[in-house]
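Inspection log for the structure reproduced underneath, given as structure tokens.
The values are calculated or read from the model by the stated rules, or taken from the named source; none is laboratory data. All of these numbers come straight from a predicted model, not from anything done at the bench. Cβ coordinates were reconstructed from backbone atoms using ideal geometry, including for glycine residues, and neighbour counts include every protein chain displayed. Note: areas computed on protein heavy atoms with side chains; ligands, DNA, RNA excluded. Shrake-Rupley method; radii C 1.70, N 1.55, O 1.52, S 1.80 Å.
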There are 2 protein chains.
Amino acid sequence: MPEQSIVSADMRENNISISDVRDFESLLGSDLEQVKKEMQLIASHSLNGTQVGAVLDDAFSTAGKMIRPRLVLLSGSFGPFYEVKKDKLFKLAAMIELTHLASLIHDDIVDDAPFRRGERSVQSKYGKDAAVYAGDFIICRINYTLARENMNEAAAVLSQTIEHMCEGEIGQAMCRYREDVSTDDYLWNIQGKTTALFKAACQLGASEMGCSKETVSKLSAFGECLGTMFQLRDDLLDFTSDEAQIGKETHKDFRDGIYTMPVLMTLKDPEGRKVLLPIIQENSKHRISDSDIARMEEAVVRYGGTDATVREIRRMSQRCLSILGSLDYCAAVQVFRNILKLLYI
Amino acid sequence: MPEQSIVSADMRENNISISDVRDFESLLGSDLEQVKKEMQLIASHSLNGTQVGAVLDDAFSTAGKMIRPRLVLLSGSFGPFYEVKKDKLFKLAAMIELTHLASLIHDDIVDDAPFRRGERSVQSKYGKDAAVYAGDFIICRINYTLARENMNEAAAVLSQTIEHMCEGEIGQAMCRYREDVSTDDYLWNIQGKTTALFKAACQLGASEMGCSKETVSKLSAFGECLGTMFQLRDDLLDFTSDEAQIGKETHKDFRDGIYTMPVLMTLKDPEGRKVLLPIIQENSKHRISDSDIARMEEAVVRYGGTDATVREIRRMSQRCLSILGSLDYCAAVQVFRNILKLLYI
């Protein structure tokens, strides 16, 4: 996308320049360093020499894209306490990212995933004992910090979010290998798996920094759409990029009986269904061949599974933009738009 | 033990009769019913038809001895708010028992234990997926309730307690199959595994009901000694009772490389060490024979392992009695003594 497209009509109208947005983005960068320090502080441990200590050290050294803490910081910047209570916002952003880390660690136990973020997964490297307790440990530290900071509202929302995340994983497990999974089932599951924490990040960032109820609710809805878009995109990439690019075994979800949007939309096409159904039935019985996987992938592209997913991603992106348009224009709105552009297909 | 021994000099001096104590004990019984209802309320779920829902239903239907909630109620009865804030105490007792349940469920994943409380373990019955999320779900509900009730002190203490419980399990995992484990290592591990939650039950029961700092600290120390005594007794029973009696596979700990007090004390005896060491070395390599297990058990009894453990249990019991003696005498003190008698070896 050409660079000048960043200068939107909004920006001109609101007298915000590219350099304002860039300044804000670079501020965000140094804020994220603070968030990482807070993460270290909250989850500091004396478990050196134990498997769990190694799990925790590994988790911190292979930091991800930090998208959830970014959402906290950006949403928080809409609030009147943003400048004066930034320390609290950093803590909150750290706890949101730690929640994400803990969920990755526990999900690995269930998935038996050999890789995560291109690295070996916790349980394949250190055993499931370490994975169970490392996840529990992080959750304890988050709750301890919330209690000590008297952040009761955040504690309640975050507990419910984690509960929702569990429900999403449970729902996904219930749907595994089933040929009759609906797109509604899928959307419900990803609400828990991914969307819930995106939503909580925006909601809590805004509410802790004193935004009005209306702004909190808008940012919360924005987080929800962005999370859904994010997961749809992740599931689409399984069909449109190769293993090296996304750092995990391609079509692991399919082999594990987790049928995502591209597959479910292909099943809605009569021709696509003819190809996919026998493969899905085989898949529930034994490990299917690489040529079956190739036929499945070809069908998903040919019979509209990927196209339909792209359309859904774009629909979510439009919703996000429309929510952003209803907010008071500021540098954070432009950074949110830049994030949307990065995720756009 | 003859019944009249309940009427101690203390009771006569303090004008408390057997029937006072009995009344209090039966009140405790109906209070425990309230606690069970609170447990259901806190962890109510709409997960019917899922494996996790089944795990939760099972967990509630096979209630244990409810010793931890008893400790909460008894410790709470020392405080000035006991009669007026009983609802809060029931909630707290419920959360302590739910913490215990969650820890049993997560420990099962690690132990790969086929049985728990005489029933099949969660993960062997429903798979580890369900076990991970059922445990996480319960912890979320506890934290949500604590946040909503503004019980920040309890939230902080309970989070630290769960962290300590994790550390105990991690410590135990680190010690597995090692012939050089010391009794100090063992005591450190059981501090986390068992003692921490006994301590928290007494401490929080007393503090939430407004006891003085001194009384909170005494009851906290009492919980600590009682928890240690409880775990020592549990480990002793592995050597002095048969499988049916305790409802789990005898010497599962030993086979799993978890060497408890009776074994560690036997290793301190030169003759006992001669018998045990080769068996322990074999145990780390493959599944040892039943005759090796029988030789191990015989050595533990013959070379003083069980006797030394009995002595330690009695020492803990004495400490508990001495703390109780320093508290203002009331019906709860007598019920605590009755509990000690039940646990006495």
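Note on the range B:23-71: residues that are among the aliphatic types (A, V, I, L, M), part of a loop (DSSP other than H, G, I, E, B) and within 14 Å of chain A (Cβ to nearest Cβ) amount to 2.
One line per residue, one yes/no per condition, for (1) open to solvent by 40 Å² or more (accessible area, probe 1.4 Å); (2) within 14 Å of chain A (Cβ to nearest Cβ); (3) modelled with pLDDT of 85 or more; (4) touching a helix residue (DSSP H, G or I) at 6+ places or on another chain (Cβ under 6 Å):
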residue: B:L73; (1), (2), (3), (4): no, no, yes, yes
residue: B:S77; (1), (2), (3), (4): no, no, yes, yes
residue: B:P80; (1), (2), (3), (4): yes, no, yes, no
residue: B:L104; (1), (2), (3), (4): no, yes, yes, no
residue: B:D112; (1), (2), (3), (4): yes, yes, no, no
residue: B:E119; (1), (2), (3), (4): yes, no, no, no
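Before we move on, is A:V35 over 24 Å from A:R148 (Cα atoms) and open to solvent by less than 30 Å² (accessible area, probe 1.4 Å)? No: the conditions fail for A:V35. Restrict the check to the range A:72-82 and report whether at least one residue is under 22 Å from the mean Cα position of the chain (by Cα), in a helix (DSSP H, G or I) and over 22 Å from A:K213 (Cα atoms). No - not one qualifying residue is present in the range A:72-82.
For first residues located in the range A:136-158 and more than 14 Å from A:M39 (Cβ to Cβ) and more than 7 Å from every other protein chain (Cβ to nearest Cβ), partners that are of a type in the set (D, E) and part of a helix (DSSP H, G or I) and lie 6+ apart or on another chain with Cβ distances below 9 Å form the pairs A:M151/A:E208; A:E153/A:E208; A:A154/A:E208. On the stretch given as the range A:215-259, residues that are more than 19 Å from the chain's Cα centre (by Cα) and modelled with pLDDT of 95 or more total 3. Are any residues in the range B:167-182 over 16 Å from B:D256 (Cβ atoms) and either facing chain A (nearest Cβ under 8 Å) or surrounded by 18 or more Cβ atoms within 10 Å (Cβ to Cβ) (or both), and if so, which ones? Listed by number, the list holds a single entry, B:E167.
The single residue among A:K252, A:K274 that is surrounded by fewer than 21 Cβ atoms within 10 Å (Cβ to Cβ) and touching a strand residue (DSSP E or B) at 6+ places or on another chain (Cβ under 9 Å) turns out to be A:K252. Of all residues in the range A:318-333, those satisfying the criterion of being crowded, with 21+ Cβ neighbours inside 10 Å and modelled with pLDDT under 95 are A:A331, A:A332, A:V333.
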